[in-house]
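Student: Take this structure, written in structure tokens, and hold onto it; I'll ask about it next.
The values are calculated or read from the model by the stated rules, or taken from the named source; none is laboratory data. Quick caveat: nothing in here was measured; it's all calculated off a predicted structure. All Cβ positions, glycine included, derive from the backbone under ideal geometry; neighbour counts span all protein chains shown. Just so you know, the surface numbers come from the protein's heavy atoms only, side chains and all, with ligands and any DNA or RNA stripped out. Shrake-Rupley method; radii C 1.70, N 1.55, O 1.52, S 1.80 Å.
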Amino acid sequence: MKAKRFLSLLLAGLMLTACGTTDDPSNESTPQADGVTAEEETGVRDDLPDDLNFDDMELSVACNKRPETLAEVAVSGITGEPVNDAVFERNMMVEKRLGVKITSYEEDSGIVDKVATSVKAGTAEYDAMAAECYLSLPKTLEGVFANLKSTPYLDLTQPWWSQGLNETISFQDSQYVATGSMLLSMYRFGFVTVFNKQIFQDANQTMLYEYVENGTWTLDKQIELVPLFHRDNGNGEQDTAGDVYGFVSTDYTNIDAYWSACQIPIVGKNEDNEYEMVFDTERIVSVVDKLIHLYHKTDNGMYSFHLDSDWPSIRQLFADGYAAMASFRLLELENESMRNMEDEFGVVPIPKFDVAQKEYKTLLHDQFTIVAIPTTVRDKRLDAVSATLEALSSTGYRVVKPVYYEDTLRTKIAKDPQTAEMMDIIVDGIYIDAGIIYVASLEYFHHELRAVVSGGQNNAISKFKTKSVIAEKKIKQINIRLSKLTKSAE
């Protein structure tokens, strides 16, 4: 276990100025004029009392130490990297403002189980947790986390909290986890399509921006384009030794992106704000038809890897100029291979199902980070923790998000105005389905799409028939458990 102390002194001259946007993926982004601070532009500041002070109370935050989420909660000092330094500044600002001392306890894995064990033992070892959503949600059903809506200082209606997640995860008058501007995986874990502009130009093909703008960037359009770019190295086989592909991806986790992109809802809410199955079998069959065509019937123009661990391989193959298009999470764009790519690339959403679908939707990978407060945190310590999380998120909204979203995504990564516009569409379109993030509790229902597509045969009806029966029962169990927790807290 490794602890990092956040320094409590503000460094003179460290204050950053940057452009900002609106609050959360579900709302429109409105870039600011240069030289105007985020707070001045939005007129939004949290409602924490000005005289709130907790007399240097020490607070412990349990975090998973993952490469994808470094510089999200815990940073040890100034490094010269803008996002890291903005997070460092945010943390110091909050410590000084509230009179708290934040210590993060980082583990390479298993932090959710450690927090749950601590709560059940009544040891009150941790004051807050920042960890993967899909691992955390099963613990909410066990009563491990406090109802965030009942805490003294958290205001989840504010723009620095994800209203999309709030709507999905709230149950009656309870909510046990949240995400927002203090956690950059809310943006980094969205799936996107990238394309090599030079390859498109050499093939006399229209840039994908135009299709997005006129509403024709669909699975059919991608299927049409993929074979046009394929160039074999002469051996007549699919390999990564000189072949050029129309599209490179994976038939594993990247398949999940189509649940959102093609608007296939799994779990919704009824009039009592309880979960219910809304899965559309007819639509999934039509989507699978197109995905099987894309992955298996494009004249070897599609190259598919098979694991999460293949994301670096996808990125490298694309960065080396051997793919016209690729799909992966937004965070891959931050990699050095993409920053140093010889050809210029563009970024667009994952394609829609068809032209009748009005909006582009973005799947947020279920490993995005959430925050939660253990039920062992009470009284004045609960005051301090809830105020600290609210301040970290509101300050992150003003200090960290502009540096990442505006300076990194829309300026450094986006090489042209069109890609900057696409970033707004991608982030604004993030859609969070309870059927995705309650993955373990629903017996991995959405994973079945991976198996169907990778198998190359459209047996979606038979595959999902059994899964749907199981998921219906699991949803009822989730509703029962959450209802009991809600009543016991009254």
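Student: For segment 244-289, give the percent of accessible area contributed by carbon and sulfur heavy atoms, probe 1.4 Å, rounded to a whole number.
Tutor: So the carbon and sulfur contribution to the accessible surface is 37 percent.
Student: Same structure again: Ranked highest first by average number of other Cβ atoms within 10 Å, how do 148-159, 294-305 line up?
Tutor: Listed from highest to lowest mean packing, they are 294-305, 148-159.
Student: In addition: If you average the sequence gap of Cα pairs under 8 Å that are 6 or more apart and divide by the length of the chain, what percent do you get for the contact order?
Tutor: Value for the chain: 25 percent.
Student: Hey, if you put +1 on the Cβ of every Lys and Arg and -1 on every Asp and Glu Cβ in the chain, which of T240, N458, V399 ends up farthest toward the positive end of that dipole?
Tutor: Of the options given, the answer is N458.
Student: What does the net charge come to around S136 if you take all other residues with beta carbon closer than 13 Å to its beta carbon, with K and R at +1 and D and E at -1?
Tutor: -2
Student: Just read off the accessible area of D47 with the full protein assembly in place, 1.4 Å probe, to the nearest 10 Å².
Tutor: 120 Å²
Student: Find the accessible area per residue for the chain; the probe is 1.4 Å, ligands and nucleic acids are left out, and the unit is Å².
Tutor: 39 Å²
Student: Let me know the shape class of segment 194-260, please: from the alpha-carbon gyration tensor, a ≥ b ≥ c as square roots of the eigenvalues, rounded when a/c is under 1.5, otherwise prolate if a/b is greater than b/c, or oblate.
Tutor: In terms of gyration-tensor shape, oblate.
Student: Here's something else I'd like to know. From the Cα gyration tensor of segment 260-409, with a ≥ b ≥ c the square roots of its eigenvalues, which class applies: rounded if a/c is under 1.5, or else prolate if a/b is larger than b/c, or else oblate?
Tutor: Verdict is oblate for segment 260-409.
Student: Among DSSP beta bridges lying fully in the chain, give the percent that are antiparallel, nearest 5.
Tutor: 55 percent
Student: Here's another thing I want to ask about it. Can you give me the % of accessible surface on segment 309-447 that is carbon or sulfur? Probe 1.4 Å, all protein chains present, nothing else counted.
Tutor: Ligands and nucleic acids excluded, carbon and sulfur reach 44 percent.
Student: Here's something else I'd like to know. So what's segment 448-490 giving for Cα Rg divided by 2.2 N^0.38 Å, two decimals?
Tutor: With N residues counted in segment 448-490, Rg over 2.2 N^0.38 Å equals 1.75.
Student: Over segment 371-477, what is the relative contact order in whole percent, taking alpha-carbon pairs under 8 Å and six or more residues apart?
Tutor: Relative contact order comes out at 14 percent.
Student: Helix 111-121 against the longest principal axis of the chain: what's the angle in degrees, Cα atoms only, rounded to the nearest 10?
Tutor: Helix 111-121 sits roughly 40 degrees off the main axis of the chain.
Student: Follow-up question, since we're still on this one. Any chance you could give the angle, 0 to 90 degrees and rounded to 10, that helix 417-428 forms with the longest Cα principal axis of the chain?
Tutor: Tilt relative to the chain: about 60 degrees.
Student: Still on this model: Using the reciprocal of the averaged 1/r over all distinct C-alpha pairs, how large is the Kirkwood radius of segment 115-259 in Å?
Tutor: 19.8 Å
Student: Ok, one more. Which of the three applies to segment 375-490, rounded, prolate or oblate, going by the alpha-carbon gyration tensor with a ≥ b ≥ c and a/c under 1.5 meaning rounded?
Tutor: It is oblate, given that a/c is not under 1.5 and a/b is not larger than b/c.
Student: While we're looking at this one, here's another question. How far, in degrees from 0 to 90, does helix 82-98 lean away from the longest principal axis of the Cα atoms of the chain, to the nearest 10?
Tutor: It is inclined by approximately 20 degrees.
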